[in-house]
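The values are calculated or read from the model by the stated rules, or taken from the named source; none is laboratory data. Quantities reported herein were computed from a predicted structural model and do not represent experimental measurements. With ideal geometry, Cβ positions are generated from the backbone for all residues, glycine too; neighbour counts draw on all protein chains shown. Keep in mind that these areas ignore ligands, DNA and RNA; they rest on the heavy atoms of the full protein, side chains included. Shrake-Rupley method; radii C 1.70, N 1.55, O 1.52, S 1.80 Å.
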Amino acid sequence: MNANAKENNSPHQVSRGVFIQVLESLYRFTLGSVAGAAGAFVVYPIDLVKTRMQNQRSGVTVQELVYRNSFDCFRKVVTREGVLGLYRGLLPQLVGVCPEKAIKLTVNDFVRGKLTNQNNEIALYAEIISGFCAGASQVMFTNPLEIIKIRLQVAGEISTGPKVSAYSVIRELGIKGLYKGSRACFLRDIPFSGIYFPCYANLKSYFTDSNGYIGFGPLLLAATIAGAPAAYFVTPADVIKTRLQVQARKGQTTYNGVIDATRKILKEEGFSAFWKGGPARMFRSSPQFGFTLLTYEMLQRTFTVDFGGPKLAGSGHAKQSQLSSSSKQDK
């Protein structure tokens, strides 16, 4: 009789469980979109500087360097193109970053949930796998977005020639061309997320108090610190991706794929060229993911919806934590 009861209830429970999981994913996707846009807007000027530094070629066949360093690049962009020049390509970035960051955060949360045991514990290898899945899932949005963004960002360096717009880039490249450099994008985004999310989760756990609560400041700090090693260690893949996606000008070396680009960059510019824009990338990615994750988690706390799953780590209410501490002291 018990067996029959389980059998009868099973289809209903499964369908209900799937429906709730879909709703939860949509909920996280929506909040992730808002959080991604907020994070991208805050650090976009740094991203523009990073792109121009990485695209700057060195060697006997290339003209004198335009920018001495990231600070010099920032100053010259403002001087020659105005403050708005720091936001070239922002619109397509915001349009693309919403689904990109949303799917990344959603997939990471989803896979983490599946790999978390009944005691709400997850192994380090499972955290890394979750990050890898998140990084791989975002490339379908990231690659087209970044080609358009990069070409708009470097367009300001040339005062002559036709005006470059998002539409002109799409028309020139076509759908297939928008995925140029996708292998380098995979090589960058998969290890980045595999490093970032486990670091963030463990730093967040470290800063969480005995009542299970983590405040605004520590949450931002954890999300920002985690971005530094993740961003810097994948800089070589980012340099290769930038070189493949940008339109080479007259006299500049052209590349045919990841291996060809790696070989030519190493031969013409040396090993140090793979780390161009590394500090700028670190200073961009760290605060970007800091603000993105902070916004994402604060939105979940503000617009709390109970889907019957595990509670958001570190979301214990501050006042409840204080009351709990006070009651313990009174006793």
Accessible surface of the range 53-206 [probe 1.4 Å, protein heavy atoms]: carbon and sulfur percent: 63
ASN120/PHE19 FRET efficiency (R0 30 Å; Cβ-Cβ; nearest 0.05): 0.85
LYS176/LEU266 FRET efficiency (R0 35 Å; Cβ-Cβ; nearest 0.05): 0.80
GLU24, GLU297, reordered so the largest accessible area comes first (probe 1.4 Å): GLU24, GLU297
Karplus 3J(HN,Hα) series, Hz, for the range 216-223 with 6.51 cos²θ - 1.76 cosθ + 1.60 (x for Gly, Pro): 4, x, x, 5, 5, 5, 4, 5
Gap separating the Cα centres of the range 13-56 and the range 174-229, nearest whole Å: 12
Accessible surface of GLU121 - all protein chains present, 1.4 Å probe, nearest 10 Å²: 110
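May I ask for the net charge around PRO162, where only other residues with Cβ less than 13 Å from the Cβ of PRO162 are counted and Lys, Arg are +1 while Asp, Glu are -1? Intermediate results must be reported in sequence, preceding the final value.
Working: positive: ARG151, LYS163, ARG171; negative: GLU172.
Local net charge: +2.
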Accessible area, probe 1.4 Å, largest first, for residues ASP209, ASP72: ASP209, ASP72
Packing-based order for 130-142, 260-272, 104-116, using average beta carbon neighbours within 10 Å, highest first: 130-142, 104-116, 260-272
Exposure ranking of MET53, MET298 by accessible area [1.4 Å probe, largest first]: MET298, MET53
